[in-house]
Amino acid sequence: SLTNLDLSSFDTSKVTNMLAMFNGCSSLTKLDLSSFDTSKVTNFTIMFSNAFSNNPTASTLIISNKFVINNALATKATLTVTSGKYAVSLNSSVKVMLDGVELTA
């Protein structure tokens, strides 16, 4: 039943595995990952599987330019808006905000 999660102060600069991090958080409507530095992450598998699924059109994922998927394993429900080095794919129409600008497919 978690609807809003502000992780904007988390230091993820040394994290390498985000496997299933928000898997099953279906009631989320806002997730602030604006401080997430994912440059060392090698596994994003099912990071957002079933996240936001209860109300996808009214949900927002907030990221910054430090949220990158380079040579990482990014499989289904990880992050399907793609803009340059960003591959943000959710199984829904969640609004993805990058440094205050909405990413579009």
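Can you tell me how many residues in the range 6-42 are open to solvent by 30 Å² or more (accessible area, probe 1.4 Å) and either outside any loop (DSSP other than H, G, I, E, B) or of a type in the set (D, E) (or both)?
Result for the range 6-42: 5.
Please go through the range 50-61 and give me each residue that is open to solvent by 20 Å² or more (accessible area, probe 1.4 Å) and part of a loop (DSSP other than H, G, I, E, B), ordered by number. Reasoning before the result, please.
Residues of the range 50-61 that are open to solvent by 20 Å² or more (accessible area, probe 1.4 Å), as a first pass: 50, 53-58, 60.
Within the range 50-61, N50, S53, N54, N55 meet the criteria.
List the number of the failed condition for M47; all other conditions in (1) over 16 Å from K95 (Cβ atoms); (2) surrounded by fewer than 20 Cβ atoms within 10 Å (Cβ to Cβ); (3) at pLDDT 80 or above hold.
Of everything listed in (1) over 16 Å from K95 (Cβ atoms); (2) surrounded by fewer than 20 Cβ atoms within 10 Å (Cβ to Cβ); (3) at pLDDT 80 or above, M47 misses just condition (2).
Find the residue count for the range 1-27, including only residues that are of a type in the set (A, V, I, L, M, F, W, C) and over 19 Å from S64 (Cα atoms).
So the first thing to find is which residues in the range 1-27 are of a type in the set (A, V, I, L, M, F, W, C), and the list is 2, 5, 7, 10, 15, 18-22, 25.
Okay, now just the ones that are also over 19 Å from S64 (Cα atoms), so 2, 19-20, 25.
Residues in the range 1-27 being of a type in the set (A, V, I, L, M, F, W, C) and over 19 Å from S64 (Cα atoms): 4 in total.
The values are calculated or read from the model by the stated rules, or taken from the named source; none is laboratory data. For clarity, every value in this text was computed on a predicted model and none was experimentally measured. Methodologically, a virtual Cβ is constructed for each residue, glycine included, from the backbone with ideal geometry; neighbour enumeration extends over all protein chains shown. For accessibility, only protein heavy atoms count, side chains too; no ligands or nucleic acids. Shrake-Rupley method; radii C 1.70, N 1.55, O 1.52, S 1.80 Å.
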